[in-house]
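Have a look at the structure below before the remarks.
The values are calculated or read from the model by the stated rules, or taken from the named source; none is laboratory data. Since the structure is predicted, the reported quantities are computational estimates derived from the model, not experimental observations. Virtual Cβ from ideal backbone geometry, glycine too; neighbours counted across all protein chains shown. Heavy atoms of the whole protein, side chains included, go into the accessibility calculation; ligands, DNA and RNA do not. Shrake-Rupley method; radii C 1.70, N 1.55, O 1.52, S 1.80 Å.
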Amino acid sequence: MALVLVILGGIAAYLIMSKPYKGAETAYIYIDNDDTKDSVLVKLETIGASTTGFKLLDKVKSYNVRTGKYAITADLSSWNLFRKLRNGQQEAVNMTVPSVRTLDRLAGAMTRNLMIDSLSVLNALQDSAYIAKLGYTPQTLPALIIPNTYQVFWDMSLDKLMERLVSENKKFWNEERIKKAEALKMTPIEVYTLASIVDEETANNAEKPMIAEMYLNRLEIGMPLQADPTIKVAVGDWSLRRILYEHLKVDSPYNTYIYTGLTPGPLRVASIAGIDAVLNHAEHDYLYMCAKEDFSGTHNFAVTYNEHLKNAKRYTDALNKRGIK
């Protein structure tokens, strides 16, 4: 009998210390809220891992299913694999927070590698009571978002996701950036709002400090920003390729041809390059700019309105030549 027990003990020890996964590359399993012990075993078996030792350990040290993304490697013994899942030792994933125009695209991008669905995030971002607790309004909410790629856990909750966004925002607005905003007599949200306009004017990061300074010059003398991207928000149509006179008459606080000062909030999620372009603006006296007639995405700048009209005519002629309406 003793011999039998020794043999059985040896077999058990072998199964526990053996390596259940023989794959040459790391495999991953995702355990979500709907998983049970049985479904976890199925997921392990699906990647080609033996679950015999795992089942044996579960009888001795029962575990609760822990959600997450788990890396399964060939060097893991059944004991180490069991401990990893039992203790929730999951892998980090990348959460990409992009500079985009709309909240639905933002929610979709952020949740691409997460367990939480994009609709839950979108609903939270559109819930005025929820975002008020974060210190924002529906108009200023984009200013919370600092585009970047962050390492998070796949099973993070909605509240944890929002807490991370708040944390990254506070980290971004360090003492140096705060002082630069104060030197402009602007709040971080106001800087962010102007940055969103600058971002819409050009994708050329090298030119952004020039555009930022032009708008700062206008703000300083109380001149309307007259920023065409704000008209797209006022009209509610991002697809506009040409701003017409009729669009400029739309009565909206986002119409910077009618109302002076900044818009009620950012037009979009601003880029870090756009924010830093405002904080580190160029020094010049330009008050006007117009897209270059070569459609390079850059601009001709002018100090006087007459000079600006000449630039505008060249651009309008180029639009007409291409049949852009």
Identify all residues within the stretch 242-259 that are surrounded by 13 or more Cβ atoms within 10 Å (Cβ to Cβ) and farther than 23 Å from Asn205 by Cβ; write none if there are none. Ile243, His247, Leu248, Val250, Ser252, Pro253, Tyr254, Asn255, Tyr257, Ile258, Tyr259
What number of residues in the stretch 14-51 are modelled with pLDDT under 85, surrounded by 13 or more Cβ atoms within 10 Å (Cβ to Cβ) and assigned to a helix (DSSP H, G or I)? 2
Cβ contacts < 7 Å: first residue touching a residue at least 12 places away in the same chain (Cβ under 8 Å), restricted to the stretch 285-313; second residue β-branched (Val, Ile, Thr) and open to solvent by 30 Å² or more (accessible area, probe 1.4 Å), any location; separation 6+ or different chain. Result? Asp285/Val303; Tyr286/Val303; Leu287/Val303
Against the conditions (1) open to solvent by 40 Å² or more (accessible area, probe 1.4 Å); (2) under 17 Å from Ala270 (Cβ atoms); (3) of a type outside the set (Val, Ile, Thr), where does Ala181 fall short? Just the number, please. (1)
For the stretch 205-256, which positions are under 26 Å from Arg322 (Cα atoms) and hydroxyl-bearing (Ser, Thr, Tyr)? Thr230, Ser239, Tyr245
Selection within the stretch 52-74 - at pLDDT 90 or above and of a type in the set (Ser, Thr, Tyr): Thr67, Tyr70, Thr73
Filtering the stretch 149-169 down to residues that are part of a helix (DSSP H, G or I) and among the charged types (D, E, K, R), which residue is surrounded by the fewest Cβ atoms within 10 Å (Cβ to Cβ)? Asp159
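Would you mind finding the one in His308, His284 that is crowded, with 17+ Cβ neighbours inside 10 Å, farther than 12 Å from Val198 by Cα and of a type outside the set (A, V, I, L, M, F, W, C)?
Details: His284 fails: crowded, with 17+ Cβ neighbours inside 10 Å.
None of the other options fit; the residue is His308.
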Taking Ile146, is it open to solvent by less than 70 Å² (accessible area, probe 1.4 Å), touching a helix residue (DSSP H, G or I) at 6+ places or on another chain (Cβ under 6 Å), modelled with pLDDT of 95 or more and not in a helix (DSSP H, G or I)? yes
Checking the condition touching a residue at least 40 places away in the same chain (Cβ under 8 Å) and either within 15 Å of the chain's Cα centre (by Cα) or within 14 Å of Ile272 (Cβ to Cβ) (or both), which residue from Thr149, Thr137 passes? Thr149
Would you check which residues across the stretch 105-121 are under 21 Å from Asp237 (Cβ atoms) and either at pLDDT below 95 or surrounded by 18 or more Cβ atoms within 10 Å (Cβ to Cβ) (or both) and list them? Leu106
Tally up the residues in the stretch 293-305 that are surrounded by fewer than 17 Cβ atoms within 10 Å (Cβ to Cβ) and within 36 Å of the chain's Cα centre (by Cα), please. 4
When Met186 is run through (1) closer than 12 Å to Leu279 by Cα; (2) in a helix (DSSP H, G or I), the failure sits at (2)
Being touching a Lys or Arg at 6+ places or on another chain (Cβ under 7 Å) and farther than 30 Å from Thr230 by Cα is the filter here, so list the residues in the stretch 151-200 that pass it. Val152, Trp154
Residues that are of a type outside the set (Asp, Glu), surrounded by 15 or more Cβ atoms within 10 Å (Cβ to Cβ) and either more than 30 Å from the chain's Cα centre (by Cα) or in a loop (DSSP other than H, G, I, E, B) (or both), drawn from the stretch 54-72: Phe54, Leu56, Leu57, Tyr63, Val65, Arg66, Thr67
Quick check on Arg83: is it in contact (Cβ under 8 Å) with a residue 60 or more places away in the chain and either part of a loop (DSSP other than H, G, I, E, B) or out of contact with any Ser or Thr (no Cβ under 8 Å at 6 or more places or on another chain) (or both)? no
Residues that are in contact (Cβ under 8 Å) with a residue 40 or more places away in the chain, surrounded by 17 or more Cβ atoms within 10 Å (Cβ to Cβ) and either of a type in the set (Phe, Trp, Tyr) or not in a helix (DSSP H, G or I) (or both), drawn from the stretch 204-241: Glu207
